[in-house]
Each structure stands twice: as C-alpha cells, then as structure tokens.
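Here's the structure we're looking at; comments come further down.
Derivation of every value follows stated rules applied to the coordinates shown; laboratory data play no part. This one's a predicted model, so the numbers in the text were calculated from it and none came from an experiment. Quick reminder, even Gly has a Cβ in these numbers, built from the backbone with ideal geometry, and neighbours come from all protein chains shown.
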Amino acid sequence: MLDLEVTGNLRLHPNYCLLILTAAEPLPDMLPGQFVEVKVEHSSTTFLRRPISINYIDREKNELWLLIQLIGDGTRRMAEYQTGDFINLLLPLGNSFTTDIPGGKGQRLLLIGGGVGTAPLLYLGEVLKKSGYQPEFLLGARSQGDVLQLEDFNKIGPVHITTEDGSLGEKGYVTNHSILRNAEYNRIYTCGPKPMMVAVAKYAAENTIPCEASLENTMACGFGACLCCVEDTQDGNLCVCTEGPIFNTEKLKWLN
Amino acid sequence: MAELSVNIGELRLKNPVMTASGTFGYGIEYADFLDISSLGGIVVKGTTLEHREGNPYPRMAETPAGMLNAVGLQNKGADYFAKTIYPKIKDIRTPMIVNVSGSSVESYVKCAEIIASLDNIPGIELNISCPNVKEGGMAFGVSCAGAAEVVREVRKVYPKTLIVKLSPNVTDIAEIAQAVEAEGADSISLINTVLGMAIDAEKRRPILSTVTGGLSGPCVKPIALRMVWQVYQAVKIPIIGMGGISNWKDAVEFILAGSTAIQIGTYNFIDPTISAKVITGINEYLDRKGFKSVQELIGALEIG
C-alpha cells in the first residue's frame, strides 16, 4: 500500500484521462499485465477501490501511468485529481503477461486491444521490445478520437488500427482487420471488451496460436480475499485478481 | 497503555479486534500488509464438509457505503483445509477460528468434528446465517428451533470454544440468541450480511447471478449496532459485534453497545491495514478517557 503523488492528469479525450503518479522512493517492480487498486476519496457513491491496469512505467522518471476511462462516479472523480494530490494505491497486483517466450526473439507477436483495453499493451509492448522482440499492435476503437496514445504505440512497433466508423485505419472490428488474414503470428495478447476478446480467442484457437487475455471481472479486494471476481475456468472458479488477470485463453470456457 | 485483552469462551484474545470470515481469506493473504499476529483473532473463510464451487459470477455489486456479495461459501472442503491450509496457518500467533457452515445438521457436525481434531484451531464460528446458499445456511439461523438444533448437535462433538454467528434477517434476534445460548454456545457473533438486491436498470436485469445477496459495509452499521445492543440485554455469554466497522470509533461504539470483541469485515478490502489501526485507536481512546481496561467499556452505554 503506497501513497503516490499526482504529477500530471491529462484529459486525452472527453472520456479518458491519463493519470501520472510518482513517489519519493523508487516505485516497486511492476510487470506488464499487473494492476493497481486505487482508493477514491470524496466520492459518496464510490465505496470500493477501483482496479486499474498498469498503462506504463517510466523507470527514469519513476512514473506510473494509469489510463482511465470515465465510466462512473469513481473514475470521474479520478479525472479531477490535480498535480500535487496524493492517492492511495495497492500495487502491484495480479499475475503478468508472458514476456519470456519459448521459441526465440524472431517470433511475430500481436498485441490486440480495444477501447481502454489498449492500456496494458503499451507497457507490455515496451517490455517485449526491450527484451528483443518486435511486437506489433492491432488497436480497435469506435472512432478516430478514441484511439489513445497512438504516438506512444508508434514508437514501439507497427500499429494496425480498426475503427467502427472507419474514420481511422480499416473499418470494422479488430477481428476483421486484413492483417489477421495476411500475416501469421506466433503469439497473441489481448485486452478489451469481453466480446472482442472472445472473438480474438476464437481466431487464436482456430489458427492454433497461443493467446493470453486480460480479464476485468468486478472485484472487491484485488488480492484474493473476497472471492468475488471469479472466472469459470477449466480448473473451476478462479480469482481474476490473483490467478489472473492474465489467462491463457485455452484455460477459459469462452469457446464452449 | 490500557489493558486490551478480553476472553471469549476459553479464548484469551490479546485485544478485541478480530477479522471477519470471508473478508480475510486465511489470514496469510494479508501478511504483506500488516503483522497479522497482532490481531486479537482471525476468523478464516467459511468451511464446509464438502468442496463448494460457490455461485456463478457475477457475485458482487457495489452500493453506496457498502457492497452486496453472493460468493456462496466457495471453499475446498474441511479435509482440504485440514491437510493443505491448516499447516500454513497453524503457527500464526493469534487464535485462528474456523467459520463452519453446512447444508444439514449432519454436515455441520461432521465438519466441526474434522476441525476439532486440529490442535491449533482453538474455536469455531458456526455460520447459521449465510444468505447465499440455497440449502441450509441461513435456513437454520432464522428460527429458534433450527438454530437450537444445529448448536445442540455441534456442541455434543465440539469441546472447544463455540461461537455462533447470527443472521440479521430475523424478526427477533434476541430470542434466537437466547436459544443458541441455552444450547451451550460460548459466544455469539453478529451480524452476518443483510439480505439485499441490486438491479441494472439499463439491462433490466439483476446484477448478482443469484438475484439476491448479502449486504455489508458501513451502510449496515446502524442495524448491527441495534442488534448487538438488543442481544446484550438478552444473553450472558460474550458477544462479538460486527457490521460495517471501518475505524476505531465504530469499534468503540460496538463495544459500548455490549460487544466483548469486534470483527472487521468488508473494510479490510478498502484498507487492508485497518484492523491494526483500529487496535491503536481503541487503545488511544481508552487512555484518553481514563479506562484501565477495555473490559470496562463493554456495554458501558449510558442511556437516559
């Protein structure tokens, strides 16, 4: 449990903000795919912490980035945090994406994100690149304005885009993108709305590609005590907060 | 520094602050956050004779100042607890109490027998008040006859400290408490969750897979305080009060209403270190008010 200081809160879009946090001490090690639980003060309808995935870690600046979609009172309150505010977080929580991949550095890795689900893929892409892989991104959004942090993604690797209205990239959903027909990938990572992740998992299964998905089941604690966030898996009900949030999609019952 | 220790049955708690079943895992989930051995006691996750998968997701709905849950006693059964979990927690230096639940009198008894065989588990909390399982659970806790029967049969096989956890979903909690006391319970803990419901207006569907669930958190505190106070008038055995405690002041209120010890539940999710803060806060309050022992505070509510 740490109190971190807000050093920036950027409104990337009317519905999204990027909260940048730092601490006097070096931040603890955090892995791509892990998440934090944010305590939201001064919101009468927000009782529980808000689980937010780690968007990016800037080691040099000792910064933790959280990309937040403004959905309810809690996240709207978080959009109002100002530089100099302190917020209380539990971190880091959960398991992580696989970044030490059997089969060598030359593999083609595709990171597929939809909406705010692109958030953990930025840090994942950065770590994969630093480890010697060449990650590619496939990002889906409703419209051009909803494609977030595009400049940051472009610095890491090739970015393929779909928008539902066709205002940027190919028109349609991520699973309709031509890259999925024209290229062969060795591994897929995905985070986004569940219907999107199910479609991606199905594509991966049909093409026998290992696939990891980041789940966001509603949770109360974030560290395995409340047993509220369970996902029905091949191994029974598992806590998304401790056994996940990253699951190999073969372990899930999405395709049954 | 006031004397903080209290007795519950044969248990001597180093302070009155315990953690509530279903909110504190097996204790070890919190070891990164605080020194769990500093607590007065830990009540571990509800344990049943057989493995239970619990209810389907979604199991939780947030409410203003609280939450609804419908976990449904997910656990791997009493034998698994004894073989796999007990060795990991048996050396924690605070009383580790097992919350025992069942679907029939026989299953309560068998589960209690298994737990009784574990040397370092000095007590059980009999859960006759879970609102989230179809059979048993709360069904026993909402009638005097049902509550009495299960306590009577478990008492025959369980020689150590027997705490019985009551449901608030009754018309007269005092008479249930008296029925439980008459059958030999050493202590009563209350309240379990309040039966509630949440609806998603946009989808026109219930939020919980089970439609209804158990409400907990600060929103239930006034109900819990009232029931602790009512039970305190009705029984002689010590009461463990709980329901929405989220700071030391809440804990003191429960003790004034008649609790010998208190349990912190849902608020552990928001602040996993809250139980340690409450111990400190109670101590400071006692010093400030000139009490030498927390026992002077039990039921010390001044009325009129």
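Annotations for the structure displayed:
- The DSSP beta bridges internal to segment B:6-297 are antiparallel in roughly 40% of cases.
- Of all DSSP beta bridges confined to the protein assembly as shown, the antiparallel ones make up roughly 50%.
- Pairs of Cα atoms nearer than 8 Å and 6+ residues apart set the relative contact order; for segment A:2-93 it is 41 percent.
- Under-26-angstrom lysine pairs by C-alpha in segment A:1-158, whenever the two are 8 or more apart or on separate chains: 9
- Sum of -39500 (n - 2.57) over DSSP H runs of 4+, divided by residues of the protein assembly as shown (222 nm, nearest 500): -6500 deg cm²/dmol
- Taking amide H atoms as placed 1.01 Å from N in the peptide plane, the amide H of A:TYR189 lies under 5 Å from those of A:LEU110, A:LEU111, A:ILE112, A:GLU212, each 5 or more residues away in sequence or on another chain.
- Per-residue Karplus couplings for segment A:17-25, computed as 6.51 cos²θ - 1.76 cosθ + 1.60 with θ equal to phi - 60°, are listed in order as 10, 10, 9, 10, 10, 9, 9, 5, 8 Hz, Gly and Pro entered as x.
- Counted over segment B:12-124, the DSSP beta bridges are approximately 40% antiparallel.
- Proximity of backbone amide H atoms, modeled 1.01 Å from N, is registered between B:THR47 and B:ASN99, B:VAL100, B:SER101 at under 5 Å, excluding neighbours fewer than 5 places apart on the same chain.
- Sorted by Cβ neighbour density within 10 Å, fewest at the top, the residues B:PHE33, A:PHE137: B:PHE33, A:PHE137
- Whole-Hz ³J(HN,Hα) from phi, Karplus 6.51 cos²θ - 1.76 cosθ + 1.60, for segment B:31-45, glycine and proline x: 5, 6, 9, 7, 7, 5, 6, 7, 6, x, x, 10, 9, 7, 3
- Segments A:208-216, B:143-151, A:77-85 sorted - mean Cβ within 10 Å per residue, highest first: A:208-216, B:143-151, A:77-85
- Acute angle (nearest 10 degrees) that the helix A:194-206 long axis makes with the longest principal axis of chain A, alpha-carbon atoms: 30 degrees
- Stretch gain in nm, segment A:ARG59-A:HIS42, where the contour uses 0.36 nm per residue and the Cα spacing is subtracted: 3.1 nm
- Under a 5 Å amide H cut-off, with hydrogens placed 1.01 Å from N, B:GLY137 pairs with B:GLY102 among residues at least 5 apart or on other chains.
- Given charges at Cβ of Lys, Arg, Asp, Glu: the protein assembly as shown dipole, positive-most of A:LEU150, B:TYR232, B:ASN99: B:ASN99
- Chain A: angle of helix A:119-130 to the longest principal axis, Cα-based, in degrees nearest 10: 70 degrees
- Measuring between their Cα centroids, segment B:57-117 and segment B:1-55 lie 11 Å from each other.
- For segment A:195-241 and segment A:72-131, distance of Cα centres in Å: 16 Å
- Listed peptides A:142-152, B:45-55, B:239-249 by packing density, highest first (mean Cβ within 10 Å): B:239-249, B:45-55, A:142-152
- Listed values for segment B:3-18 are Karplus-derived 3J(HN,Hα) couplings in whole Hz (6.51 cos²θ - 1.76 cosθ + 1.60, θ = phi - 60°), namely 6, 9, 6, 9, 10, 10, x, 8, 7, 10, 8, 6, 7, x, 9, 10, and x replaces Gly and Pro.
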